[in-house]
Amino acid sequence: MSTYTQILYQIVFSTKSRKKILQDPDRDEVLKYMSGIIQNKNCHLYRINGVEDHIHILTHLHPSVALADLVKDIKLASSEYIKHGNLCQGFGGWQAGYGAFTYAYKDIDRLIEYVKNQCKYTQNSDS
């Protein structure tokens, strides 16, 4: 029997000290780069988005990929990409930790919309 998993992860991490430096259009470029890392690890990316100080990733991990390793790889590679590309003025790195939450697949549409609309949800929580 081949390996089968059905674990939907929402991964969240922020910039160091929650600095609001992930501005468009640089943020879009960083998100595209992160998407490539996730896909190169054979993980299925459902949605990625972020705001000025944090990133949300909705993904299914390939059975051979450990969550901590994936997050480490995303953070390390994207930090190098940002620094070498002179993106996100004032970027000092990512926070040390991250949040990871699992969900049932029946929630996928709601989660995709939530990640897609991060700007709206963040503005509402700031009010």
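Numerical summary
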item: Selection count, region 56-94, where residues are over 19 Å from Thr5 (Cβ atoms) and out of contact with any helix residue (DSSP H, G or I) (no Cβ under 7 Å at 6 or more places or on another chain); result: 11
item: Flag if Thr5 is surrounded by fewer than 17 Cβ atoms within 10 Å (Cβ to Cβ) and on the phi < 0 side of the Ramachandran plot; result: yes
item: Matching option when the condition is in contact (Cβ under 8 Å) with a residue 24 or more places away in the chain and either among the acidic types (Asp, Glu) or over 19 Å from Arg18 (Cα atoms) (or both), among Ile55, Ile48, Ile112; result: Ile112
item: Contacts under 9 angstrom Cβ, first residue in region 25-36 being within 17 Å of Phe13 (Cβ to Cβ), partner assigned to a helix (DSSP H, G or I) and of a type in the set (Gly, Ala, Ser), 6 or more apart; result: Val30/Ser78; Tyr33/Ala77; Tyr33/Ser78; Met34/Ala77; Met34/Ser78
item: Residues (of a type in the set (D, E, K, R) and closer than 21 Å to Ala66 by Cβ) located in region 1-43; result: Lys41
item: Matching option when the condition is over 13 Å from Leu8 (Cα atoms) and more than 13 Å from the chain's Cα centre (by Cα), among Gln39, Gln89; result: Gln89
item: Qualifying residue in region 97-113 (condition: of a type in the set (A, V, I, L, M, F, W, C) and farther than 17 Å from His44 by Cβ); result: no
item: Residue within region 11-23 that is exposed (fewer than 14 other Cβ atoms within 10 Å of the Cβ), assigned to a loop (DSSP other than H, G, I, E, B), among the small types (Gly, Ala, Ser) and more than 11 Å from the chain's Cα centre (by Cα) present; result: no
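Only the coordinates and a few stated rules stand behind these numbers; no lab work does. Source: prediction; values computed, not measured. Glycine gets a Cβ as well: all are built from the backbone with ideal geometry, and neighbour counts include every protein chain shown.
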